[in-house]
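Report on the structure given below.
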Protein chains: 2
Amino acid sequence: MGRRNDHTREQLREMVLSAAELLIVREGMAGFSMRKVARAIGYTVGQLYLLFKNQDELFTVLNERTADAIYSALLDETETLNDPAEAIRAAARVYVRFAQRHPNRWQLLFEHRLPAGSEVPKANQMKVQRLFGLVQQRLQCLAPEADADTLRCEAAALWSGVHGVAVLAESNKLNWSGVTDFGALTDRLVDGFLK
Amino acid sequence: MGRRNDHTREQLREMVLSAAELLIVREGMAGFSMRKVARAIGYTVGQLYLLFKNQDELFTVLNERTADAIYSALLDETETLNDPAEAIRAAARVYVRFAQRHPNRWQLLFEHRLPAGSEVPKANQMKVQRLFGLVQQRLQCLAPEADADTLRCEAAALWSGVHGVAVLAESNKLNWSGVTDFGALTDRLVDGFLK
DNA sequence: AGGCTTAAATGAATGGTGTTTATTTAAGCC
DNA sequence: GGCTTAAATAAACACCATTCATTTAAGCCT
């Protein structure tokens, strides 16, 4: 076939993105292929390359969406909370639960590497930093006297820890100790930190 | 060519493993291929499949070695230390530094997934748990009165945190906050924990 | 020494992948 | 109805993991 004009460029991009996301959710990075995406939307592979530069760009856009999804989840569960400590605890739990419930999207976001030389776009870096900002903000409320530098360091240490628990929860590789209740584990880490 | 008998089966396996390790170190998972390994040792691809069941088995053996390497590094830097807190701090620093200095081997160990259905062999799980055991042991010295269950939980929380910092150090994806001194970050996390 | 057995090694094939490009198709306009 | 042009395709390229029939040579037996 040739020109069909069933959909606008934007619609097509959207179709590709949601088909790709579904495929990632179902089969993970290992089972993903451009051909499968094309088949899913009833177009040929070539068309995908008129909509996206390459597979990495497609992944990058998907990751932007995943970061947004985590941010929304984080916001949903914390914005009504006034107590900063409570908010941080809740945020940590949501973060870890997201990794557990959406392991394939989580892996794509944090484990997919761009080819050497090309950098993660600023927009994506921002979306990830935004998650961290949420925590930093709450931590500031908790320790208003701390200077900006030590606060950032403290927040980085805390959230790196939470990220570690998320890795543990999502991957079965780090099966150290028979711990399975990651909610409790998260609480222990956060509480230990908010001395 | 046919039968050459230049090397024993064991020698050949060893040649494959070191060539594969070199390739992983140089090019990472993305640049790895069985064909490149075969070319590097002067044999054909088919021969690799007489020595290893498939690529995943080769990776699994490599990962066993990486886990050993981390364990050795951890032991080297902690066995002479008597103070448990000091030992844990040192262990955490070594762990994070390994991730920074050997990112590709580290990624293969913690990010490579076997195809759905097949499990990580017991031997490999043990090698990873052994790392964790080292920390748990020191933590026990520090809190001898704690019961085994809470100790395990506490150790898991602490080491998950350290693992999180290692992820942060190795990947540039988690560029939250401008923190670059991961040694200091590690100390902050550990010290915060050893309240 | 010459033949036989058998393990070592190959080479080619199968079916997959990402990516590029010449070509075809049809929609909208004159 | 013909022309232009954008949309879409089909086929190609160069890889990849994996398998397997075939070839080669080493070691043994007569």
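The values are calculated or read from the model by the stated rules, or taken from the named source; none is laboratory data. Since the structure is predicted, the reported quantities are computational estimates derived from the model, not experimental observations. FYI the Cβ positions are ideal-geometry reconstructions off the backbone, even for glycines, and counts take in every protein chain you see. Side chains included, ligands, DNA and RNA excluded: accessible areas come from the protein's heavy atoms. Shrake-Rupley method; radii C 1.70, N 1.55, O 1.52, S 1.80 Å.
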Query - Residue that is part of a loop (DSSP other than H, G, I, E, B), free of Cβ contacts under 8 Å to residues at least 24 places away in the same chain and more than 30 Å from B:VAL135 (Cβ to Cβ), where the choices are B:LYS36, B:LYS53 - result: B:LYS53
Report task. For A:ASN54, work out the one condition from (1) within 14 Å of chain B (Cβ to nearest Cβ); (2) more than 16 Å from DNA strand D (Cβ to nearest atom) it doesn't fulfil. Result -> (2)
Requested in this report: Hey, can you tell me all the residues within region B:17-36 that are more than 14 Å from chain A (Cβ to nearest Cβ), surrounded by 13 or more Cβ atoms within 10 Å (Cβ to Cβ) and more than 8 Å from DNA strand D (Cβ to nearest atom)?
Outcome: B:LEU17, B:SER18, B:ALA19, B:ALA20, B:GLU21, B:LEU23
Requested in this report: Check whether at least one residue in region A:136-148 is assigned to a helix (DSSP H, G or I) and at the interface with chain B (Cβ under 9 Å from one of its Cβ atoms), and report yes or no.
Outcome: yes
Query raised in the report: So which residues in region A:185-195 are more than 7 Å from every other protein chain (Cβ to nearest Cβ) and either closer than 18 Å to B:GLU170 by Cα or assigned to a helix (DSSP H, G or I) (or both)?
Result: A:THR186, A:ASP187, A:VAL190, A:ASP191
Report task. Being within 23 Å of A:LEU189 (Cα to Cα), acidic (Asp, Glu) and within 13 Å of another protein chain (Cβ to nearest Cβ) narrows it down to one of B:GLU154, B:GLU119, so name that one. Result -> B:GLU154
Query - Lone qualifier among A:PHE132, A:PHE110, A:PHE98 - being modelled with pLDDT under 95, under 30 Å from B:GLU154 (Cβ atoms), in the same structural domain as A:LEU189 (by TED's automatic domain parsing) and aromatic (Phe, Trp, Tyr) - result: A:PHE132
Requested in this report: Inspect region B:92-104 for any residue being surrounded by fewer than 17 Cβ atoms within 10 Å (Cβ to Cβ), of a type outside the set (Gly, Ala, Ser) and in contact (Cβ under 8 Å) with a residue 60 or more places away in the chain and give the result as yes or no.
Outcome: yes
Query raised in the report: In region B:1-16, what residues are farther than 16 Å from B:THR60 by Cβ and within 15 Å of DNA strand D (Cβ to nearest atom)?
Result: B:MET1, B:GLY2, B:ARG3, B:ARG4, B:ASN5, B:ASP6, B:HIS7, B:THR8, B:ARG9, B:GLN11, B:LEU12
Query - Yes/no for A:ASN172 being within 23 Å of B:GLN107 (Cβ to Cβ), open to solvent by 50 Å² or more (accessible area, probe 1.4 Å), within 12 Å of another protein chain (Cβ to nearest Cβ) and not hydrophobic (A, V, I, L, M, F, W, C) - result: yes
Report summary line: Just one listed residue, out of B:ALA73, B:ALA38, is of a type outside the set (S, T, N, Q) and within 16 Å of DNA strand C (Cβ to nearest atom), and it is B:ALA38
Query - Test result for A:ARG13, more than 25 Å from B:GLU111 (Cα to Cα), more than 12 Å from DNA strand C (Cβ to nearest atom) and away from chain B (no Cβ under 14 Å) - result: yes
Query - Selection from region A:45-67 of residues that are open to solvent by less than 50 Å² (accessible area, probe 1.4 Å) and more than 16 Å from DNA strand C (Cβ to nearest atom) - result: A:THR66, A:ALA67
Report summary line: Considering residues that are in a loop (DSSP other than H, G, I, E, B) and of a type in the set (A, V, I, L, M), the number found within region B:109-123 is 3
Report task. Taking A:GLU14 as the residue in question, decide whether it is in contact with a helix residue (DSSP H, G or I) (Cβ under 9 Å, 6 or more places away or on another chain), open to solvent by 20 Å² or more (accessible area, probe 1.4 Å) and not β-branched (Val, Ile, Thr). Result -> no
Query raised in the report: Which residue, of B:ALA85, B:ALA92, is more than 14 Å from chain A (Cβ to nearest Cβ), within 21 Å of B:PHE182 (Cβ to Cβ) and among the small types (Gly, Ala, Ser)?
Result: B:ALA85
